[in-house]
Structures are given as structure tokens and as C-alpha cells.
1. Computed from the mean reciprocal separation of all distinct C-alpha pairs, what Kirkwood hydrodynamic radius does segment 475-544 have, in Å?
2. Given 37 °C and 0.692 mPa s, compute D for segment 115-196 with the Stokes-Einstein relation, Rh being the Kirkwood radius over Cα pairs; round to the nearest whole µm²/s.
3. Measuring from the lowest to the highest alpha carbon on each principal axis, how far does segment 414-544 reach, largest first, in angstroms?
4. If you plug each phi of segment 198-212 into the Karplus form 6.51 cos²θ - 1.76 cosθ + 1.60 with θ = phi - 60°, what whole-Hz ³J(HN,Hα) values come out, in order, with x for Gly and Pro?
5. Give me the mean projected area, in nm² to one decimal, of the convex hull enclosing the Cα positions of segment 45-117.
6. Specify whether the C-alpha gyration tensor of segment 305-397 places it in the rounded, prolate or oblate class, a ≥ b ≥ c being the square roots of the eigenvalues: rounded for a/c under 1.5, otherwise prolate if a/b is larger than b/c and oblate if not.
7. What is the extension gain from Tyr542 to Thr215, computed as 0.36 nm multiplied by their sequence separation minus the C-alpha to C-alpha distance, in nm to one decimal?
8. Kindly report, to the nearest 10 Å², the accessible surface of Asp344 as traced by a 1.4 Å probe over protein heavy atoms only.
Amino acid sequence: MVKKTKLLATLMVAGATVLLAACGKQSSTSNKQVLNLSMSAPIGSLDISKSTDFSQTGNVYESFYRLGKNGKVTPGLAKSGTVSKDGKTWTFKLRNAKWSNGTPITAKDFVYSWRRTVNPATKSQYAYLFSSIKNATKINAGNANPDTLGIKAEGKHTVVVSLTKPVAYFKVLMTYSLFAPQSQKVVDKYGKKYATKSQYNVYSGPFKVKDWTGTGNKWSFVKNNDYWDKKVVKLSKINYQIVSSNSTGLDLYQQNKLDLTPLSSEQVKNYQNNKAFKQYAFAYITYLKYNFKDPNKTRRAAINNRNIRLAISLAIDRNQLTKKVLGDGSTTPTGFVTSGLASDPKTGKDFGQEQKVKDRVVYDKKMAQYYWKKGMKQLGMKKLTLSVIAASDVTASSPLTQYLKAQLQSVLPGFTLNLQLVPQQIADSDGQKGQFDMTVSSWGADFKDPITFLQIPETGTSYNYGKYSNKAYDALIKKSENQDANNKEARWNDLVKASCLFTKDQGMTPLYQQTTSYLQNPKVKGIIHNTAGEEWNFKSTYLK
């Protein structure tokens, strides 16, 4: 996920591959409620203050709430939560819950956890999500003491949170395990070992982690019998193993060793009519990111020419890209915010529909060439060469970039696109340093609200690697977060206007919205798949 981390930017291209490759199938030798699941890479960290992958953590950690079916906020460690009239003070009453070691979870555990995450010494990549909490930004910048954070314990079971301003999505944000409690006693006990192995931690969610060494290719989630709602949890165990390829995953599925395995585009063609075929969408978009501060003067001028960016967007046939090149169920986007993420509080209309702008995220060869010719004339150029960086260890990168090269060079006269496929780590590093013309980047929603995407292009944000800047855009986002923060309809309209402006400007060019196709054992029931935030919720999963 993903701002993201702001979960995501180029960083999350690989991250989502990890988060979307989870799950598995009951062993033929077992009659218990046991799943054998797969992931494409190991868990990055079990320390919620330092983690950058929250795809699975909601199964072992829990905050005030959790995400349920259809993204609905459901009860967590809080038995109640109330907000003041001005929207700036939230009061949570905790239920009698316990850690996985049987000790009580108290209000102080939340206070300690939040302070630890925003403390700059922790170096949390997700500390930005605490920015609405009083003093969080100052603390994270090293300009205030963590003790001044806007959270306090009133007795053992009451947590009071003070915000700098009303936050329309705050309740949804509190479903994220990033905001879960941590036990100071456990952190102090293990010191540097804390959360480096499964036994060096305690868990507040439906499951606890077992046999995770930090580097191994196998581990398990086992039912947490100290969990407050354990009666709802049907699974006794979830076994994980690293499966590095879709072909291996398919073999294991066919051997009844996996319950859920992601499919490649070729596999989708072969299995899309199978009764076990299933698709799971995630609020995750892949796009072209431009470097508005490109170190090369000529290329910088081209990238800063809006007609050039419009031409690139209009030259891309996204229907062909999603259906023929990718062929995995991914869909065409309408703008920078994914469809299916959020609905208009007044009309119920999807944000993805309301953000549509005519002649921007469509294929139109004639218009593409018109804008290209206009832009090149403004630049005084007849030929232009740009490079695009993509992560070589992401499956879609090669076919995607090959398509972009062929398509753009075919439609746009005098354009040459050089491809630079490098390991994800190098792609991330080059992005952060501003050493690129364009990158294939991705972003996944941290929570179900458009701002999870629309914060990225704001001037000066940490994941705005391309240094896009638009004063009118910034003003709309600022208005939505301040003046209109407590007015749902006004705030919604601000965000729609901002997204439309960004699309008109083609500050980033959307390519596709990810949907992953799977084969799922029909005996597996009750999987809750979230389109934003923590993707997989196995609390109510069972084998029939």
C-alpha cells in the first residue's frame, strides 16, 4: 500500500505484488481448519512502527476498529468511539481485551505505541498518517517531545485523541493496524530483538505469529485464544510459504496445497471459465510519473510542457494495454484516484466517475499528434528522447514498458523512449534522488478516501518525487482539509475539483488499475478482501 507510505509511490510497485500474492489451500492430510497460503516475498517487519507492508498485519494486530465486509468499519479493541461537535476530539472506550500473552491491553498501550511511531528516532515511513494528531508533525520533525502528542490515557480503558483539525476519514483510519497498541513492557524486555522474530512480540488481533524468523520462507498464523472475539475465529492455523512464481503456485494449487493462487495473464486465459476462478480488485493504480525537476535542461523543458504530457496520455490505448498486454483483469482508470474507492456522500456516485475529464485519460491518436506537434513547436524541437525507469523484479514491467515504447514511438513522430529496467531498490533510490525522466510508479490506497491518493501531488510532500507543483491544486487540497473538513459535501467537491485539475494537467499519467485474478478453493469461505488499507482479513474465514 500506499504519502503511501504514503505507502507507495515507486516503492510500492513491488509492495503490492507482495500484498496481492497472499493466501492458500487445506492440506489433503488435515481435517482441521487450516489454510496453506502463499506470499511472493517474506514479511518485511512485525514492528508496526517500522513496517512498510500492512497487507497482513490486520490479522495479528488490532486498533480501535477493523475493516469488515465491503470496507465497513467494524468493532475492534474499542467498544465505543465518540467525536466532539467540532470534530477535533475523539474518545475511545476500550473493551476488556488481552494481549496474546494473557496480560490486559490498556489505554497506555495506545499512547506508548503512537508516541513510539512518531518519534523521529524510530524512522517510521508511515508517520505521515499521524499528521492530523496534535503535535505529530512537530514531533516527527524533531521539534517537539513525543510526550506532547495529542493522545492521552484517562484510566485503564479510555483513550482521548486530540486532532489539529477535523478529519472526515478518521474513523476509517483507525482500522489500520499502524494505530494499534504496543506493549512497552515487551518492547523494553526484548530491546533490539523486539519484533525481529515472532516470539519477540505480543499480538492483539485474531491470530498470533509463529515460527517467523525474519528471514525464513515459512511461518504461520495461529489462532489467538486470548483475542477478545475468539469465538468468531474459525481457523486454527494459517501456514505461509514463499512462492516466487505463478507457475509454481498453480502447481501447488493443483496438488491441493494452496487454497488461493494468483494467475499470470496466460493462466487467466486458460482458467477464466473455471469455477474456481476469482478476481480481487485493489485500490492500486500504476502510472507514469514525470520529473518536473529533471537534471537535463532539454528533457526538463519537454516534461514541463503540458502539451507533451497530454500527447503521451492520449497516445496510450489503455483498453489494449489492460486486455491484451496485461490480460490479468486489470482495468482502465478514469483519473489518478482509483474507481470503487469512495462514494459521493450526497448522490452515492463513485469518485472514479466524478473525476472524469474529457479527452485526457483516453486513446485518441489524432488529438495526441495535435498536442505533440503543438508542444514540439513550442519547444523548438523535432525530436525528443526520454527514458522511463521500471522495476525489473515486477512481473508487469517488461510487457508494460515494451508496449509503451512501441505505442508512443508509433503515434508520436520523432519520439524515442528508452527503457531502463532495474531492480526495485535501484528504481526507488533513483526516484527519491530525482534521477529520472519518467518512472513507472504505483500507489495503493491506505484507506477508503480520495485524499489517500490526492495528497501525493501536493507541493513538497515526501512521495512527490517528480516535484509536481500547482498552486490551485494545493489550495483545493488545503481547503478540503481545513475550511471544509467538517462539511462532507463541500469537502467532496473540493477533492473532485482537485482530481479534475490534476487530470487536465496530466501531472501524472494513469496507466491501469490493478485487479488480480486467482484460483480459489471453493471450500474456502468468509475471506474478507479490502480494496484499501489492509487487504486480507481472515478473522471470519473457514473451510466448509
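The values are calculated or read from the model by the stated rules, or taken from the named source; none is laboratory data. Since this is a predicted model, take the numbers as computed values, not measurements. So basically every Cβ, Gly included, is an ideal-geometry build from the backbone, and we count neighbours across all protein chains shown. The area values use the complete protein model at the heavy-atom level, side chains included, leaving out ligands, DNA and RNA. Shrake-Rupley method; radii C 1.70, N 1.55, O 1.52, S 1.80 Å.
1. On the way: mean 1/r = 0.0632 Å⁻¹.
For segment 475-544, the Kirkwood estimate is 15.8 Å.
2. On the way: Rh = 13.8 Å.
Approximately 239 µm²/s, per Stokes-Einstein.
3. 55, 46, 27
4. 4, 7, 9, 6, 10, 10, 10, x, x, 10, 10, 8, 9, 6, 9
5. Details: hull surface 24.6 nm².
Taking the Cα atoms of segment 45-117, their convex hull projects to 6.1 nm² on average.
6. On the way: a/c = 2.34, a/b = 1.40, b/c = 1.67.
Here segment 305-397 falls in the oblate category.
7. Details: separation 327, 0.36 × 327 = 117.72 nm, distance 2.86 nm.
Gain in length upon complete extension: 114.9 nm.
8. Per-residue accessible area (Asp344): approximately 20 Å².
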